[in-house]
Every structure is written in structure tokens, then in C-alpha cells.
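The numbers here are math on the coordinates, done by the rules we state, and not lab data. Since this is a predicted model, take the numbers as computed values, not measurements. As a convention, Cβ positions derive from the backbone with ideal geometry for all residues, glycine included, and neighbour counts pool all protein chains shown.
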């Protein structure tokens, strides 16, 4: 099959920012608690990853859930999702929070500031 030789064909390679939230359920021992150091390490690792412009991680109180929020540079939402899931899966293990199961992934809700009316 011939390759695309249209001038300026790099438009398909343009990326944009996709804000995502991922929820992870920790599957370890019931006594295992997420530490602030683990969350800071996870945030630092994700922030340093290629294609990530913003990252944050927080433990959900009274549950075994960790929410990761990040902004991914990607061509489309599917690529952003795949990249984010792979990175989070890898880095959760590096900071000692594995085993964990990804239970939700969604576009982040943007918070609007300012006054109505």
C-alpha cells in the first residue's frame, strides 16, 4: 500500500492535551495504608514521564482507592487513555502500591471558576 505523500501530512501527528482521572483499587493487605511519600513519589514519576504535563495522586479516605489525575499529550482520547493506563500501572508498582486494579478511567471534569450572573 502506498504511503501518504501529501505535503503537510504531519497534521495527523498533532497532539493535544487530554485531562484524565484514573481510580485504582489497592489489593494488598487490609492493614496497608497509602502514605504521603508514596503519593508524592507516584506524582513525581508520572510528572517526569514523556507526554505528561500535569499529574496528581490522592488516596480516597476510608477506602482502598487511589485517584490519579493527569494531563496527557496525545493525538486522540484513545491514545491518551492507553498511555495513561500503562504509565500508572507501571509506576504504581514502583512506589510500592501494587497490586492494584484499575477500576475507572474517565476524562477529568473541568472545574469552572468565576461567578454566574
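Could you give the nm distance between label points at residue 98 and residue 67, where each point is 7 Å from its Cα heading toward the beta carbon?
That separation, rounded to one decimal, is 2.6 nm.
Quick one: check the C-alpha center-to-center distance for region 58-79 versus region 32-49, whole angstrom.
Result: 12 Å between the Cα centres.
Where in region 84-104 does the amide nitrogen come within less than 16 Å of the point 7 Å from the Cα of residue 44, taken along Cα to Cβ?
Under 16 Å, as judged by backbone N against the label point of residue 44, lie 91-97 of region 84-104.
Roughly what would the spin-label model give for residue 27 and residue 89, points 7 Å off Cα along C-beta, in nm?
1.2
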